[in-house]
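The values are calculated or read from the model by the stated rules, or taken from the named source; none is laboratory data. Predicted model, so just to flag it, every value in this text is computed and none were measured. Counting neighbours? That spans all protein chains shown, and the Cβs are built from the backbone with ideal geometry, glycine included. Surface accessibility is based on the protein's heavy atoms, side chains included, excluding ligands, DNA and RNA. Shrake-Rupley method; radii C 1.70, N 1.55, O 1.52, S 1.80 Å.
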Amino acid sequence: MAKKYCYLFTEGNANMRELLGGKGANLAEMTNIGLPVPQGFTITTEACTQYYEDGRKINDEIMAEIWKNVDQMEKINGKKFGDKKNPLLVSVRSGARASMPGMMDTILNLGLNDDVVAAMIAGNPDPKFERFVYDSYRRFIQMFSDVVMEVGKKYFETLIDQMKAKRGVSFDVELTAADLKELATQFKAEYKKQIGTDFPADPKVQLYEAIRAVFRSWDNPRANVYRRDNDIPYSWGTAVNVMPMVFGNLNDNSGTGVAFTRDPATGEKKLMGEFLFNAQGEDVVAGVRTPMPIEQMAEKFPQAYKDFVKVCGILENHYRDMQDMEFTVENGKLYMLQCRNGKRTAQAALKIACDLVDEGMIDEKKAVLMIDPRNLDTLLHPQFDPKALKAAKPLGKGLGASPGAACGQIVFTAEDAEKWKAAGKKVVLVRLETSPEDITGMKAAQGILTVRGGMTSHAAVVARGMGTCCVSGCGDIVMDEANKQFKLAGRTFKEGDVISIDGTTGNIYGEAIATKDASISGDFGRLMSWADKYRKLQVRTNADTPRDAKKARELGAEGIGLCRTEHMFFDPERIAAFREMICSDTREEREVALAKIMPYQQADFEALYEALEGSPVTIRFLDPPLHEFVPTEEAEIAALAKAQKKSVETIKGIIQGLHEANPMMGHRGCRLTVTYPEIAEMQTKAVIRAAINVQKKHPDWKVVPEIMIPLVGEVKELKYVKDVVIKTADEEIASAKAELKYEVGTMIEIPRAALTADEIAKEAEFFCFGTNDLTQMTFGFSRDDAGKFLPAYYDAKIFESDPFAKLDQIGVGKLMEMAVRLGKEVRPNIHCGICGEHGGDSTSVEFCHKIGLTYVSCSPFRVPIARLAAAQAAIKDSGK
C-alpha cells in the first residue's frame, strides 16, 4: 500500500504524534472526543522528511494527495477555495511531535484575493464586516510576505505606522475599513517592490507556497537552536496543519484567547489565561493590545465561557495533565484551535505531578515520567527575576556551561576576585580560559565567563561541581587582559563594570539584572522519593572537597564516583611542595617533597570519608600533565629557584622541558606513575591511612576505598601501577595491624582500553568510564578547541548536539557497551560506572541504564537530574 501523507482530523488520534506532530494528533483527538474543532487535515512529518530528501521540493505524489484532502475539506465545510459566493479561508500551521513554541511558522487568512474580498463585502452590507474583511486581507498579505516570501515585517509595520500617524490615531483598531483597504493596496505594492512579481491571487498557489514555507521553517536558525537545546532530532521533521479559519476579529461578538488549566508558574489548580475581543490569535501573542484576564470573558461571552470551562475539564481529564489551549469565539460560538500539555516552570511541574497523584488522575510512575530532568536545574540555582529578564536584551551568547544566574562587577584575575569578594563586592570572573590555579577566584565569583572552552572545559567542569553559574566559549569577546578590558557587541567593558550572565541559556547582558535565590519545595522531596523507589542505577557524585561531598549527599548522592586528587594540590602551601617535587633531580628529593604533601592529602581523604559516612569513595590518582602545576609568574619562578637552591635559568629550563605539543595525550595519568612510582606510593599511603583512621573512629561504617588509575590503555601498564599500589597499601595495613578492604580499578577513557577490556578486567576490580577523554580520543577532537568548529558541523547537519555534552551513543556508546560486556565475561561481579560530565545528562543516563552500568557519577547539583533520569529509564524499560 502506498504511503499516506495526509490525514483528515477524523482519521487521526493522540497516539499518532510521530506522524501527525503534536498539534495534528491533538486536533484529531479533540475531534474524536466531540469538541468543536474546525475540520481540516494534517500533512505528515514524513512528507516534510521527503521534502528535504527531494532537495526542498514537494513532489507530485504528495501534492496530489494534498489537493485530494483540500477537496474533502471543502465538502465537509461547504465552502470552496477562491469561490466568490462561499469562499474557504484557511490557516496553515506547523506542528512538530515535540512542542516548539514560536520556533516555526504560521500563516492565517490564506485564500483571500481582490475578487474574494469584493465578493465577501458585497454579500454583507454591514460596514463593520467590510472593516473585518480588509483587516484580514492586510494581515494575510503581511504574514504571507514575511513568512512565505521572507520579506521583513518591518516594511509593512512602517506603512501601518505611517497610516496611523496620517490619521492621527494610536492603535490599529482605530483604523477604518477605507484605511485598511488602502493599506492592503500599499502592502501589495511593497510586495512587488521587494519580490519583483505581483502578490499571488490564486489560493492554490498561496497554499502550495505556505506549506513549503512551514517545511522550510523546520530548518530555520531559531528552530535549529531550540532543537539542539531541547534534544529534538532534526530527522523528526514537522507536520503541517491546514484548517478552516474561524474569525475572532469578525465583530465585537468574537474574540480569541490562550489559556492553561493550571497556573504554569506555580502549578496552582485554577484556570489561567488571556482573551482579546475582536482580534486574531497573533494579537494575543504579539502583545499589540493588552488582553483581559480569562475570567472577564464570562461577562462578555457568558455561553462561550461556560462552554470553554467545560472543555477545559474534559481535556484535563482526558490527557491527565495540565493543558495549554488556543481558542477562538466567532459570533458567540467557541472553537478549539489547539491543545497540548502546557509548558511550566520546574516548581509548577513538581506541584502539578504531586497534585495529579493526590487527585487520583495518575500514579507515581506517571508522575516521575512527567518531569523533564533538565528542568530541575532551575530549582537548585539562583535565577534571574523573569520580569527583569524580559526587559533585558542580550549582548552576546556563549555556551550555557553551568546553570544559574549571576550578576556582578567584572574582574579579570582570580586574585582580584578574592580581594573584591573580601571587600564585600559581588564579582563575575572573566577569563580567556581558566586553569586549576584559578580555583580560589572561581569560588569567590558569582559567575564565570570565558572566551575559550567548551562544555567540558576546566571552567565548565569546576563551575558545575561548585554549583556556580558559568558561560564558556563566547568567541565574540575580544579580550585585552593586559588592560583589564574586553569588547563585545561594540561596547568596551572595563574592570568594575557590571554584567549579568545566564548559565542556562549562555546569554550575556551588559547590565545588572535582579536575581532570585533557588527554592526547593516539599514536592521536590516527594517526587525524588518516588524516583528512588523505581530506579536501578546508583547515583554518585564527582567531588573533591568535603563541602561538595556534603552538598551532593543532601541532594541524594550515594557515594563519590570521582575525586580528582590534583584539585587538592593548588593551596599555596601544597603547591610549593609539589613544585619542589617536579623540580627535583633524584627519587630521594622527590620523596622528601611528597612527604610534605602527604599529611594534607590524608586529611583531605579523612574529611571526604567522614562526609560520606561509609558510602563508597572512588579516588582517582594524579591525572594532569605536570606542566599544569609549574609557576608562570617571574616572582613565583624566582621563589621556587631559591627554595630549590637552583638558578632561575635552570628552573625555567625544567618548566620549558615539561611543555608538550599535545599535553592531553602526553605525559599524564598512569604514565606519571610509571615514570615516578613515588607519586602513587604517597597517594596510596594517604588513602589507606585516612581510611584506617576513619574506620577506627566509626566501627559501624564500612570504609572501602576505591583507588582508580587513570588513562590506562594497556593491561601491563595497569598491572605495573597496581603492583605499586598493592605493595604500599598492604604494608600500611599490616603496619597499622588493621583490617581494611580496598579495590583497585581503572578509568576507561582511551579507546584501546575499551577494545581490550577483557584483558584489563583481569587486573581491574572496577571500571569507570571517563567519557570526557573517551569522547575526545574517539572523535579525535580537542575538547577545549572543538567549540571553534562545531557550529559549522551543526549548520551542515553533521552533528545535532555537542558530543561533550550529550553522549555519542553510536560510537563512544558502542565502545562502552563492548567494554562492559568484555569486562563481565572475565570478572562477572565487576562494577562499572561513568564519571564524565555525561553522568548528569538525562539521555546519557538512560543509555547507561540500558548497557547495565552500576552507577552514574556527576557534579553535585546534577545529582537530582541523574536520580530522576535513572528512574525514568527504569520505568520505560519495565513498560517494554
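Using a 1.4 angstrom probe on heavy atoms only, work out the carbon and sulfur share of the accessible area of the chain in %.
Exposed carbon and sulfur together represent 51 percent of the surface.
What is the diffusion coefficient of segment 669-723 in µm²/s, taking the Kirkwood radius over Cα pairs and the Stokes-Einstein relation at 25 °C with a viscosity of 0.890 mPa s?
197 µm²/s
When we measure straight from the Cα of Lys425, which lysines land under 22 angstrom away, once same-chain ones fewer than 8 places off are left out?
Lys443, Lys484, Lys494, Lys516
Which angle between 0 and 90 degrees, to the nearest 10, do you get for helix 587-612 versus the longest principal axis of the chain when only C-alpha atoms count?
50 degrees
How big is segment 774-880 on each of its three principal axes, counting only the C-alpha atoms and giving the largest first in Å?
42, 31, 30
Using a 1.4 Å probe, how large is the accessible area of Ser235, given in Å² and rounded to the nearest 10?
Taking all protein chains as shown, Ser235 has close to 80 Å².
Would you work out which of Thr843, Phe629, Phe156 lies farthest towards the positive end of the dipole of the chain? Charges go on Cβ: Lys and Arg +1, Asp and Glu -1.
Phe156
For segment 678-795, state the semi-axes of the equivalent ellipsoid (square roots of 5 times the eigenvalues of the alpha-carbon gyration tensor), sorted largest first and rounded to whole angstrom.
35, 16, 12
Would you be so kind as to identify which of Leu608, Met73, Val539 lies farthest towards the positive end of the dipole of the chain, taking Lys and Arg as +1 and Asp and Glu as -1 on Cβ and the Cα centre as origin?
The listed residue farthest towards the positive side: Met73.
Considering only DSSP states other than H, G, I, E and B, which trypsin sites (Lys or Arg not before Pro) in segment 363-435 qualify as loop sites with at most 16 other Cβ atoms within 10 Å?
For trypsin sites (Lys or Arg not before Pro) across segment 363-435 that sit outside H, G, I, E and B with at most 16 neighbouring Cβ atoms in 10 Å, the list reads Lys425.
Could you tell me the relative contact order of the chain? Use alpha-carbon pairs under 8 Å, at least six residues apart, and round to a whole percent.
9 percent
Using only the heavy atoms of the protein chains and a 1.4 Å probe, how would Ile750, Ile294 rank by accessible area, largest first?
Descending order: Ile750, Ile294.
I need the P(r) histogram for segment 69-227: all alpha carbon pairs, bin width 5 Å from 0 out to the longest distance, whole percents.
1, 9, 17, 19, 19, 16, 12, 6, 2, 0
Let me know the charge dipole size of the chain about its Cα centre in debye, to the nearest 20, where only the beta-carbon of Lys, Arg (+1) and Asp, Glu (-1) is charged.
Around 1120 debye, computed over the chain.
Work from the charge dipole of the chain (Cβ charges, +1 for Lys and Arg, -1 for Asp and Glu, about the Cα centre) and give the residue of Ser857, His318, His659 farthest towards its positive end.
His318
Over the C-alpha atoms of segment 565-655, what are the Rg and the largest Cα-to-Cα span, Dmax, in Å?
Calculated on Cα positions, Rg and Dmax stand at 15.0, 49 Å.
Contact order normalised by length for segment 654-785, with contacts defined as Cα pairs under 8 Å and 6 or more residues apart; what percent is it?
24 percent
Using only protein heavy atoms and a 1.4 Å probe, report how much of Tyr742 is accessible, in Å² to the nearest 10.
Its heavy atoms expose roughly 40 Å² to the probe.
By how many nm would the segment from Glu437 to Ala639 lengthen if fully extended, with 0.36 nm per residue of separation less the alpha-carbon distance?
Additional length available on full extension: 71.0 nm.
What's the whole-number percent of alpha carbon pairs in the chain lying beyond 44 angstrom?
The calculated P(r) of the chain puts 40 percent of pairs beyond 44 Å.
Calculate log10 I(q)/I(0) of segment 319-379 for q = 0.27 Å⁻¹, where I(q) comes from the Debye formula with a single equal point scatterer on each Cα and nothing for solvent.
With no solvent term, the Cα-only Debye profile gives -1.11.
Please list Glu837, Glu18, Glu628, Glu591 from largest to smallest accessible area, probe radius 1.4 Å, with all protein chains kept in place.
Glu18, Glu591, Glu628, Glu837
If you line up the long axis of helix 177-195 against the longest principal axis of the chain, both from Cα atoms, how many degrees apart are they, to the nearest 10?
For helix 177-195, the angle is close to 50 degrees.
Treating the angle as unsigned and between 0 and 90°, give the value, to the nearest 10°, between the Cα long axis of helix 715-735 and the longest Cα principal axis of the chain.
Roughly 60 degrees between the two axes.
Protein chains only, probe 1.4 Å: how do Leu740, Leu622 rank by accessible area, largest first?
Leu740, Leu622
Hey, what did segment 124-233 get for relative contact order, percent, Cα under 8 Å, at least 6 apart?
28 percent
Multiply the residue gap between Glu613 and Met818 by 0.36 nm, knock off their C-alpha separation, and tell me the result in nm, one decimal place.
My answer for the length gained is 70.4 nm.
Tell me which trypsin sites (Lys or Arg not before Pro) from segment 106-200 have a DSSP coil assignment and no more than 13 other beta carbons within 10 Å of their own.
In loop regions of segment 106-200 (DSSP not H, G, I, E or B), there are no sparsely surrounded trypsin sites (Lys or Arg not before Pro).
In square angstrom, what is the accessible area per residue of segment 673-731 with a 1.4 angstrom probe?
Value for segment 673-731: 40 Å² per residue.
When the helices in the chain are scored as -39500 (n - 2.57) per DSSP H run of 4 or longer and the sum is shared across all residues, what 222 nm value do you end up with, to the nearest 500 deg cm²/dmol?
Value at 222 nm, helices only, nearest 500: -14000 deg cm²/dmol.
Report D for segment 1-71 in µm² per second (integer): Stokes-Einstein, Kirkwood Rh on Cα pairs, 10 °C, 1.306 mPa s.
127 µm²/s
If you take every DSSP beta bridge whose two residues both sit in the chain, what share of them, in percent to the nearest 5, is antiparallel?
60 percent
In the neighborhood of Arg212, defined by Cβ-to-Cβ distances under 9 Å, what is the net charge if each Lys or Arg adds +1 and each Asp or Glu adds -1?
In short, +2.
Would you kindly find the accessible area of Glu330, with a 1.4 Å probe and non-protein molecules such as ligands, DNA and RNA excluded, rounding to the nearest 10 Å²?
Result for Glu330: roughly 50 Å² accessible.
Using the Kirkwood formula over every pair of different C-alpha atoms, what hydrodynamic radius in Å results for segment 420-551?
The Cα-based Kirkwood calculation yields 16.8 Å.
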